[in-house]
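Below: one structure, written as structure tokens.
The values are calculated or read from the model by the stated rules, or taken from the named source; none is laboratory data. Note that the structure is predicted; figures quoted are calculated from it, not measured. All Cβ positions, glycine included, derive from the backbone under ideal geometry; neighbour counts span all protein chains shown. Note: accessible area is taken over every heavy atom of the protein model, side chains too, but ligands, DNA and RNA are not part of it. Shrake-Rupley method; radii C 1.70, N 1.55, O 1.52, S 1.80 Å.
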Amino acid sequence: MPTQHGQKRFTSKFSSHQVSSPSNVERDQVLRDQENAMIKLAELYRDQRNAQGLAEVITLSRSFMSSTAKAKTAKLIRTLLNYFNDIPNSRQTQIDVLLDNIDWSKREKRIFLKHSLEIRLVSLQLEASQFKAALTRIDTLLTELKKLDDKMILTEVHLLESRVYRGIGNLVKAKAALTSARTAANSIYCPPHLQAALDLQSGILHAEDKDYTTAYSYFYETFENMSSQDDPSALNALKYMLLCKVMLNLPEDVTTLLSIKLAVKYAQLREIECMRAIALAHQNRNLAEFEKVLRDYKDELSSDPTIRSHLAALYDTLLEQNLLRIIEPYSVVEIDYVAKQVGQGRQDVEAKLSQMILDKVFYGVLDQGKGRLLVFDEPEVDDTYGAAIDTLEQVGKVVESLYAKTVKIA
């Protein structure tokens, strides 16, 4: 653990004043020493998991940043902010630091640094589900960026806008924002990591529309792109690929998919193990096994909103399939018996059966007085009335035609 003496030494080093009337060489050396001391002190706080200490370093560094080039300042502040990623539960501290530094960069008229910090702030607000604050910040950013015509940053902001709208469930605006992001990206060279992020968002939105085949192709492109760069985000793309296979009722393809060269190194990770277990439970159409997987891998499955929402739909589908399998042999069946077979509470099963009847998944009636379900055969469609109406329409056309001819003759 670093000592208090060491921390004071670093603090005094990077906050020390320059010598009077220094030469250019001496001045450059002082700046380099201050920068190195600042980074070392930040690393000490990072290793101590001291988010508040790191925030103070960033605040103290402003006097140094005022005397350095703007490009170097942006790089240095990004480096210092990245140290927060290794400190658990530091999101709110990081948001506060960003808000403070955005105000400072605005006062100092460092516009590009301000935009960079605001993009990072919106990303954190998105993670924290602060959607309203994120949208307000995005609207301001877009107004400023359109005046500057900076396509690269514009692409990033539109992509964030799409993710925020998807977070609040507005898929129409999420798709519109993604289209704007792709339009901006098409007019510039789009870096591989940004292209991968665009493809990932496209896949997520197609999955929301239940178009899992198209979503899979986007996720595969993202996975290939990110894997080639050893990007940790490749793991998410692989998880979504496996999810698509399950949602397409192709759980047997999961094992095959995990045997390809790019996926092998991820196959033993817990995040992938949980998707393999989901696929097996779905393949066996076993609701109890599915629920056990949800319990055993709760952290991995509930932390990702995309996985969570689609697994909820999958659970619903699996419950329907189990209920249909149980009631299929019967014309009358006790609701308590059905609930016992699927391992659910009677009230939940009753509500689900009622919904299935209304959705015409099967034909039947709930007799709540006797606690029974009456199941009917699918009624045969009688085409007599439809045929009679079609015949009358044709007769009407013939009569109108004959009337038209008699008018002409007369």
Every residue from the range 236-273 that is of a type in the set (Asp, Glu) and open to solvent by less than 70 Å² (accessible area, probe 1.4 Å): Asp253, Glu271, Glu273
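Conditions tested, residue by residue: (1) open to solvent by less than 60 Å² (accessible area, probe 1.4 Å); (2) closer than 27 Å to Ala207 by Cβ; (3) among the basic types (Lys, Arg).
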site: Lys298; (1), (2), (3): no, yes, yes
site: Ser309; (1), (2), (3): yes, yes, no
site: Leu314; (1), (2), (3): yes, yes, no
site: Ile327; (1), (2), (3): yes, no, no
site: Ser331; (1), (2), (3): no, no, no
site: Val338; (1), (2), (3): yes, no, no
site: Met356; (1), (2), (3): yes, yes, no
site: Ile389; (1), (2), (3): no, no, no
Ala339 being closer than 27 Å to Glu289 by Cα and without any contact (Cβ under 8 Å) to a residue 40 or more places away in the chain: yes
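Results for (1) within 18 Å of Lys298 (Cα to Cα); (2) at pLDDT 85 or above; (3) among the acidic types (Asp, Glu), shown as yes or no for each residue.
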site	(1), (2), (3)
Asn236	yes, yes, no
Tyr240	yes, yes, no
Leu248	no, yes, no
Pro251	no, yes, no
Ala263	no, yes, no
Glu271	yes, yes, yes
Cys274	yes, yes, no
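A quick yes/no check of all residues on (1) in the same structural domain as Ala37 (by the TED database); (2) among the acidic types (Asp, Glu); (3) out of contact with any Asp or Glu (no Cβ under 7 Å at 6 or more places or on another chain); (4) within 14 Å of Ile138 (Cα to Cα):
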{"residue": "Leu81", "(1), (2), (3), (4)": "yes, no, yes, no"}
{"residue": "Pro88", "(1), (2), (3), (4)": "yes, no, yes, no"}
{"residue": "Gln92", "(1), (2), (3), (4)": "yes, no, yes, no"}
{"residue": "Ile95", "(1), (2), (3), (4)": "yes, no, yes, no"}
{"residue": "Asp103", "(1), (2), (3), (4)": "yes, yes, yes, no"}
{"residue": "Ile111", "(1), (2), (3), (4)": "yes, no, yes, no"}
{"residue": "Lys114", "(1), (2), (3), (4)": "yes, no, yes, yes"}
{"residue": "Glu118", "(1), (2), (3), (4)": "yes, yes, yes, yes"}
{"residue": "Gln125", "(1), (2), (3), (4)": "yes, no, yes, yes"}
Yes/no for Ser129 being at pLDDT 85 or above and assigned to a loop (DSSP other than H, G, I, E, B): yes
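Which of the residues that make up the range 164-178 are over 16 Å from Ala215 (Cα atoms) and assigned to a helix (DSSP H, G or I)? First the steps, then the outcome.
In the first step, residues of the range 164-178 are kept if they are over 16 Å from Ala215 (Cα atoms); the result is 164-165, 167-170, 172-173, 176-177.
Across the range 164-178, the qualifying residues are Val164, Tyr165, Gly167, Val172, Lys173, Ala176, Ala177.
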Test: residue in the range 103-110 that is acidic (Asp, Glu) and over 17 Å from Thr155 (Cα atoms): yes
Unmet criterion (only one of (1) modelled with pLDDT of 85 or more; (2) surrounded by 21 or more Cβ atoms within 10 Å (Cβ to Cβ); (3) of a type in the set (A, V, I, L, M, F, W, C)) for Met152: (2)
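Which is within 29 Å of Ile335 (Cα to Cα), in contact (Cβ under 8 Å) with a residue 40 or more places away in the chain and not assigned by the TED database to the domain that holds Gln341, of Leu280, Leu314? Outline the logic, then answer.
On the way: Leu280 fails: in contact (Cβ under 8 Å) with a residue 40 or more places away in the chain.
Only one candidate passes the filter, namely Leu314.
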